[in-house]
Amino acid sequence: MSSTSTASHGANLDGELHAHGDTHGHGSMRSYLIGFALSAVLTAIPFWLVMSDVLGNSTWTSAAVIAFAVAQVVVHTICFLHVNTQAEGGWTLVAFVFTAVILLIIIAGSLWIMYHLNTNMMPGMMTGQAATMP
Amino acid sequence: MTTMAQDNSPVDPSTFYVVEQDDHGHGSPTLLGFWIYLMSDALIFAALFATFGVLSSSYAGGPAPHEIFNLRLVALNTAILLFSSITYGFAMLAMERGGLRAVQGWLLVTGLLGLSFVGVELYEFAELIAEGATPQRSGFLSAFFTLVGTHGLHVTVGIIWIGVMLVQLNQRGLHLENKRRLQCLSMFWHFLDVIWIGVFSFVYLLGMVR
């Protein structure tokens, strides 16, 4: 099979793959390169902030690291995973947003509850409360 | 059978089900289904991240993150995984052009980058264990090895999948099913890079800050 016939065969099948309203995106060279450049920047900055302690304040550094992580996840999802309002009639986006909400509840909820359990139910604190009890 | 079909010929016998749903050639249901799987996989990682977050300061007298983490190795691994994402992107663009050799070449590059990622990670684990920072040492280290190890296991499975795809492409070429498989693998591979963003940010960088 010559390379040209393979190519035309492939293009034909690709048309078939996209029939019936399937608009799952593949992205373009442009979107991949933009995604790569943005990701490189969004990775380099938090590493630089932590490795050379630029801000000199652990709270601000942590906040910046989290902000850059969220930004980079969004960049990857759009540029590499091609999630948008059109792909699969919007169902990939719906599933992604739903998962993000559940993920946030699991992580933030666990941290919140366990932090309060740790601070409110320390053995020392319990005996202290018991000692002051009438 | 044949006589019955002939008897019923005025009534189209194949209208008892939606014809299109039985044909998996369109790719659409598979790709969306695979995406739903990835989202459920994300929830596994959510549970592991939550566990790590809860246990991240339970050192039990053992080593703290800033004593054992080597950020240069993590930066190297992050770069490797990001480069493997863009090389897989090039494989997908080559697939759309129908260039079989280019797809195989970029897949091979992606697989080798994945192998070096797993190699660096295993080296890091070996160093930690040699220093006595084993999973048994503290709650923090148990959660660390479980979270990072699960991600590494996913990457290993992705490398095996890339190997299988290379064989299938070599035997069958870029037909419809292989294109669909390449699209699923594309989502899987990029998804692992997204999870790694969480790992290097929340485990390593925040661990060093704490």
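The values are calculated or read from the model by the stated rules, or taken from the named source; none is laboratory data. Remember, it's a predicted structure, so these values are computed and weren't measured experimentally. Using ideal geometry, Cβ is built from the backbone for each residue, glycine included, and neighbour counts are taken over all protein chains shown.
Does B:Ala64 qualify as being of a type in the set (A, V, I, L, M, F, W, C), buried (at least 21 other Cβ atoms within 10 Å of the Cβ) and more than 9 Å from chain A (Cβ to nearest Cβ)? Criteria not met by B:Ala64. Number of residues in segment A:48-73 that are in contact with a helix residue (DSSP H, G or I) (Cβ under 7 Å, 6 or more places away or on another chain), more than 9 Å from every other protein chain (Cβ to nearest Cβ) and assigned to a helix (DSSP H, G or I) equals 2. Does B:Leu71 count as out of contact with any strand residue (DSSP E or B) (no Cβ under 6 Å at 6 or more places or on another chain), without any contact (Cβ under 8 Å) to a residue 40 or more places away in the chain and of a type outside the set (Phe, Trp, Tyr)? No; evaluated as a whole, the condition is false for this residue. Looking at segment A:74-95, which of its residues are in contact with a helix residue (DSSP H, G or I) (Cβ under 8 Å, 6 or more places away or on another chain) and surrounded by fewer than 19 Cβ atoms within 10 Å (Cβ to Cβ)? Answer for segment A:74-95, where residues must be in contact with a helix residue (DSSP H, G or I) (Cβ under 8 Å, 6 or more places away or on another chain) and surrounded by fewer than 19 Cβ atoms within 10 Å (Cβ to Cβ): A:Ile78, A:Asn84, A:Thr85, A:Trp91, A:Leu93.
In this entry, A:Val41 is excluded by the filter for residues that are surrounded by 14 or more Cβ atoms within 10 Å (Cβ to Cβ) and modelled with pLDDT of 90 or more. Can you confirm whether A:Gly89 is more than 7 Å from every other protein chain (Cβ to nearest Cβ) and either in a helix (DSSP H, G or I) or modelled with pLDDT of 90 or more (or both)? Considered against the rule, which asks whether it is more than 7 Å from every other protein chain (Cβ to nearest Cβ) and either in a helix (DSSP H, G or I) or modelled with pLDDT of 90 or more (or both), A:Gly89 comes out as yes. With respect to (1) more than 12 Å from B:Leu82 (Cβ to Cβ); (2) assigned to a helix (DSSP H, G or I), the lone exception for A:Phe36 is condition (1).
Filter segment B:132-175 down to the residues that are within 14 Å of chain A (Cβ to nearest Cβ), more than 22 Å from the chain's Cα centre (by Cα), in a helix (DSSP H, G or I) and in contact (Cβ under 8 Å) with a residue 60 or more places away in the chain and list them by number. Hits for segment B:132-175 are B:Gly139, B:Phe140, B:Asn170. Of the residues that sit in segment B:80-98 and are touching a Ser or Thr at 6+ places or on another chain (Cβ under 8 Å) and more than 7 Å from chain A (Cβ to nearest Cβ), which one is farthest from B:Met187 (Cα to Cα)? Only one residue tops the list, namely B:Ile80.
One line per residue, one yes/no per condition, for (1) surrounded by 21 or more Cβ atoms within 10 Å (Cβ to Cβ); (2) among the hydrophobic types (A, V, I, L, M, F, W, C):
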position	(1), (2)
B:Ile129	no, yes
B:Gly132	no, no
B:Gln136	no, no
B:Gly149	no, no
B:Gly158	yes, no
B:His175	no, no
B:Trp196	yes, yes
B:Phe202	no, yes
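The rows are residues; the columns are (1) in contact (Cβ under 8 Å) with a residue 40 or more places away in the chain; (2) within 28 Å of B:Ser56 (Cα to Cα); (3) within 10 Å of chain A (Cβ to nearest Cβ); (4) in a helix (DSSP H, G or I).
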residue	(1), (2), (3), (4)
B:Arg181	no, no, no, yes
B:Met187	yes, no, yes, yes
B:Leu192	yes, yes, no, yes
B:Ile197	no, yes, yes, yes
B:Phe202	yes, yes, yes, yes
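Only one entry in A:Phe98, A:Phe47 is surrounded by fewer than 13 Cβ atoms within 10 Å (Cβ to Cβ) and at pLDDT 90 or above, namely A:Phe98.
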